[in-house]
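The values are calculated or read from the model by the stated rules, or taken from the named source; none is laboratory data. Note that the structure is predicted; figures quoted are calculated from it, not measured. Cβ coordinates were reconstructed from backbone atoms using ideal geometry, including for glycine residues, and neighbour counts include every protein chain displayed.
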Amino acid sequence: MIDTLPSALLLMLSLGFMGSLHCIGMCGGLVAAVSMSHTNIWWSGLGIYQLGRVTTYALLGLLVGLSGVALQAFGGDLIQRSLAIIAGVIMIIFALNLAGWLPDPLRRFSAWASRKTGLSQLAKNASSHARAGSWYTLGLANGLLPCGLVYAALSLALAANSAQTATLMMIAFGMGTIPAMMLAPSLLHKMTPSLRTKAISIAALLMIAMGLIIIFRSPMPMMH
């Protein structure tokens, strides 16, 4: 499905960018609340928070990349193509939920994971102290929250057949979400409900199209 590393990174960057409207509504709401607890938005803290998220995605990419290499020894191209189909299906389900056309199947799991990771306490620490460590830790923990978008990205990375490529793919995915996450505090105030609904619907349709393309092209080898 993915012929070269540049095309794989572009796909992951696009996936992160198009799905980032979901990040504004979910993770971005938390970040906005923390940022706005100060008189002025601490942009450096927001940047450090993004670094924490991308670090977690990179580590997850390395983990699934190593797992993918092991799976390839048993299933070869069949495993790779199956993972591509799974990624496409997850992407479509996420897009349907993003647009409000399907309930979030991970809602309860996300709430449970948020409690277990102590995300609320980490956010409280970050809001009360302008410390790089607090914001970085918040980003690390936030990257572990259950998210269909992240699962779709990990499925694609798992099919990469290379730990290095999978790591780079997840870094590209994380980078794609950064613009929306950095602008979350201001966007949440400036976007009208109707404008946000339209933007989300367009992004959802684009992601559905991307998921369908991945599924229908899955019979082809993903990467050489």
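Things to note:
- Selection count where residues are farther than 28 Å from Arg131 by Cβ and among the aromatic types (Phe, Trp, Tyr), scope the stretch 46-78: 1
- Of the helices (runs of 4 or more DSSP H) lying entirely inside the stretch 134-220, those containing at least 3 residues that are over 18 Å from Met18 (Cβ atoms) and modelled with pLDDT of 85 or more span 163-190.
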